[in-house]
Amino acid sequence: MPDNRNRKRPIQVKFFVNATELELIKKRMTDLGMDNLSAYLRNMALGNTCENQKVDENTETKN
């Protein structure tokens with residue numbers, strides 16, 4: 001068992017998904033521009049909002 005005493009979040013939580021569910025989770029992560037599964041799942045589980053971090057190069061920013 002790894003030593004988690006020095007981690008900011010020392011408690012590990014596990015759950016099971018099927019292949020389809022995992023692909024959907026990964027697709028939603030990439031749609032938001034996120035690459036950290038733990039951060040994405042933690043934000044979703046805690047009810048935080050995940051904003052799209054991708055920047056579309058074809059979209060003009062309004063000032």
Q. For the pair ASN4 and ALA45, how long in nm is the line joining their label points, each one 7 Å along Cα→Cβ?
A. 0.9 nm
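Arranged by the count of other C-beta atoms within 10 angstrom, fewest first, what order do ARG42, ARG9 take?
Lowest to highest Cβ neighbour count: ARG9, ARG42.
Values in this text are rule-based calculations from the coordinates and carry no lab data. Just so it is clear, the structure is predicted and the values come from calculations on it, not from any experiment. All Cβ positions, even for glycine, are placed from backbone atoms using ideal geometry, and neighbour counts span all protein chains on display.
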